1. Could you list, in sequence order, the residues of the stretch A:14-33 that are of a type outside the set (A, V, I, L, M, F, W, C) and at the interface with another protein chain (Cβ under 7 Å from one of its Cβ atoms)?
2. Residues of the stretch A:50-95 being small (Gly, Ala, Ser) and out of contact with any Phe, Trp or Tyr (no Cβ under 9 Å at 6 or more places or on another chain), which ones?
3. Taking the stretch B:52-93, which residues are part of a helix (DSSP H, G or I), in contact with a helix residue (DSSP H, G or I) (Cβ under 7 Å, 6 or more places away or on another chain) and not acidic (Asp, Glu)?
4. Which pairs have Cβ atoms under 7 Å, sit 6 or more apart or on different chains, and link a residue in the stretch B:264-281 that is at pLDDT below 95 to one that is surrounded by fewer than 24 Cβ atoms within 10 Å (Cβ to Cβ) and part of a helix (DSSP H, G or I)?
5. Can you pull out the residues in the stretch A:112-133 that are among the acidic types (Asp, Glu) and free of Cβ contacts under 8 Å to residues at least 12 places away in the same chain?
6. Run down A:Val40, A:Val27, A:Val17 and say which single residue is over 23 Å from B:Ala397 (Cβ atoms), among the β-branched types (Val, Ile, Thr) and in contact (Cβ under 8 Å) with a residue 12 or more places away in the chain.
7. In the stretch A:3-13, is there at least one residue being under 15 Å from the mean Cα position of the chain (by Cα), closer than 21 Å to B:Asp413 by Cβ and within 12 Å of another protein chain (Cβ to nearest Cβ)?
8. Only one residue in B:Glu287, B:Glu301 is within 19 Å of the chain's Cα centre (by Cα), in a helix (DSSP H, G or I) and surrounded by 15 or more Cβ atoms within 10 Å (Cβ to Cβ). Which one?
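The values are calculated or read from the model by the stated rules, or taken from the named source; none is laboratory data. This one's a predicted model, so the numbers in the text were calculated from it and none came from an experiment. Don't worry about glycine lacking a Cβ; one is built from the backbone with ideal geometry, like all the others, and counts go over all protein chains shown.
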Amino acid sequence: MAYSDKVIDHYSNPRNVGVLDKEAKNVGTGLVGAPECGDVMRLQIQVNEETGLIEDAKFKTFGCGSAIASSSLATEWLKGKTVDEAMQIDNMDIVEELALPPVKIHCSVLAEDAIKTAINDYRRKQGLAELHK
Amino acid sequence: MNIYLKALLYLHDRIDLNKNRMLQTPIYLDNNATTPMDPRVLEEMLPYFNRSFGNAASRNHSFGWTAEEAVDIARERVAKLINASPKEIIFTSGATESDNLAIKGVFEMYAAKGNHVITVTTEHKAVLDSCKHIEKNGGRVTYLSPDSQGMITLDQIREAITPETILITIMYGNNEIGVLQDIPAIGKLARENNILFHTDATQAVGKIPVDVEADHIDLMSFSAHKMYGPKGVGALYVRRRNPRVKVTAQMDGGGHERGMRSGTLNVPGIVGFGKSCEIAMNEMAEESKKLSAMRDRLERELLTMEEAYVNGNPEHRLPHVTNISFKFVEGEGLMMGVKDIAVSSGSACTSASLEPSYVLKSLGLDDDLAHSSLRFGLGRFTTDEEIDFAIDHVKTAVNKLREMSPLWEMFKDGIDLKSVEWQEH
């Protein structure tokens with residue numbers, strides 16, 4: 001399969017690989033996928049409680065190049081956004097940016113799912129209601 | 001000049017040459033898929049494309065006689081490598097055709113005797129799909145499951161035999177994991193029960209000694225391009241004595257190849273096949289020693305990584321193959337990471353629904369381990385420098401992906417992955 005240059009770039013130089021303290025009140029964690037399916041993504045956001053902006057984002061992904069690239073791109077996009085803005089990220093934006101072929105659209109769906117799961121985890125810690133995905 | 005000085009200068013030149021030789025990437029380590037043609041084979045073939053272009057079946061002029069003579073020599077060379085007689089060699093387009101001819105041909109020829117065939121779930125698709133074909137036509141097939149190392153026992157075969165059994169077809173060496181079955185014993189068991197024995201020996205012939213007499217083989221498929229010969233030519237060995245075996249032709253026409261396979265002979269291909277058999281005959285012993293030493297080094301080095309496992313029986317194995325699973329990395333991601341070496345993956349994930357190798361699944365491997373496997377196939381032209389490069393390249397890729405893998409992190413933190421509630425999507 002031919003990968004786009006952007007997928008190769010994110011795969012070769014993944015942005016924001018790492019871990020945030022998942023116990024911290026201002027950190028939200030989203031773990032999605034399953035090993036049997038060949039994709040597991042963990043995406044984390046750290047929110048500045050004064051400004052309401054996402055000041056850091058980290059990921060770790062077990063999956064194909066497109067899955068790694070989708071989550072790497074997601075962390076780039078998350079930084080500097082408000083939580084509400086982050087909620088608006090759509091998987092098709094990721095598909096477009098990375099030029100994912102149809103068989104890899106599920107990677108972008110998984111990334112969107114990881115973002116929303118992380119945001120809801122953060123909201124729960126803040127005593128806010130979960131948002132519908 | 002003093003002979004020692006000469007030798008020293010020679011060695012010095014050799015070392016210098018090696019130093020200056022740039023390593024060309026990607027490095028080819030997929031010799032189970034196909035092999036590069038040996039230059040000696042190509043040289044032997046060339047005149048038969050244009051100068052000696054005759055049809056080996058033309059009886060009335062020297063063009064035909066020259067071609068026929070070349071085919072005769074090749075047939076002798078092919079036969080000699082497997083201890084057969086030249087008349088027992090039926091040239092085909094390759095091992096897939098040979099498998100089809102053997103299985104469908106026996107099924108049709110021996111219909112009056114029975115309709116049952118015994119095979120194994122880890123066979124090549126050419127065998128499995130030929131078996132599926134005869135099932136559609138009233139045949140009955142038993143698919144034996146190997147143990148976790150890919151081995152079949154004689155008892156399994158014995159228990160599967162019925163009065164209707166006409167054929168046992170079990171491969172010599174497996175294409176994905178290199179496992180060698182106990183072919184002489186299986187052949188003997190078949191002979192004792194008056195059942196024909198076919199083996200797909202595509203990966204074994206030319207790599208290890210294969211002897212149709214000692215191994216009690218009645219029919220055997222093999223191919224030139226797996227042993228440094230050209231693509232598009234192979235053979236089916238069909239025993240002529242004790243017992244005399246016949247197969248129904250699957251290709252009708254001019255009655256070539258004793259009526260079992262019609263079609264104008266691929267003279268240049270057959271000449272190349274003959275040459276590659278001759279070279280294998282002379283060089284196999286040395287070559288397999290060299291390759292197994294290289295393979296063992298590659299394997300040893302890669303197994304120094306945690307959670308890396310060899311698939312298949314490590315004792316009964318072809319000398320040039322190893323298949324290794326790297327836990328906690330995903331197969332397609334791994335393939336992308338090892339782009340500077342050409343290897344095969346146990347993962348055939350070209351679509352959203354991942355399909356791990358059916359051979360590895362047959363050994364009972366979990367999907368994730370089957371997905372994250374790599375098959376390394378060394379060959380005649382593989383060098384130590386290339387193995388060094390491959391070791392380094394694979395280690396780097398696996399380590400990098402594990403650093404990125406949440407599963408690896410959980411494993412290192414002592415979390416049992418089976419206890420995690422996954423969000424399947």
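1. A:Pro14, A:Gly33
2. A:Gly52, A:Gly63, A:Ala67, A:Ser70, A:Gly80
3. Passing the criteria: B:Ala67, B:Ala70, B:Val71, B:Ile73, B:Ala74, B:Arg75, B:Arg77, B:Val78, B:Ala79, B:Lys80, B:Leu81, B:Pro86.
4. Here the result reads none, with nothing in the stretch B:264-281 linked to a residue that is surrounded by fewer than 24 Cβ atoms within 10 Å (Cβ to Cβ) and part of a helix (DSSP H, G or I).
5. Correct list: A:Glu130 only.
6. Sole residue among the options that is over 23 Å from B:Ala397 (Cβ atoms), among the β-branched types (Val, Ile, Thr) and in contact (Cβ under 8 Å) with a residue 12 or more places away in the chain: A:Val27.
7. The answer is no, given that none of the residues of the stretch A:3-13 is under 15 Å from the mean Cα position of the chain (by Cα), closer than 21 Å to B:Asp413 by Cβ and within 12 Å of another protein chain (Cβ to nearest Cβ).
8. The conditions single out B:Glu287.
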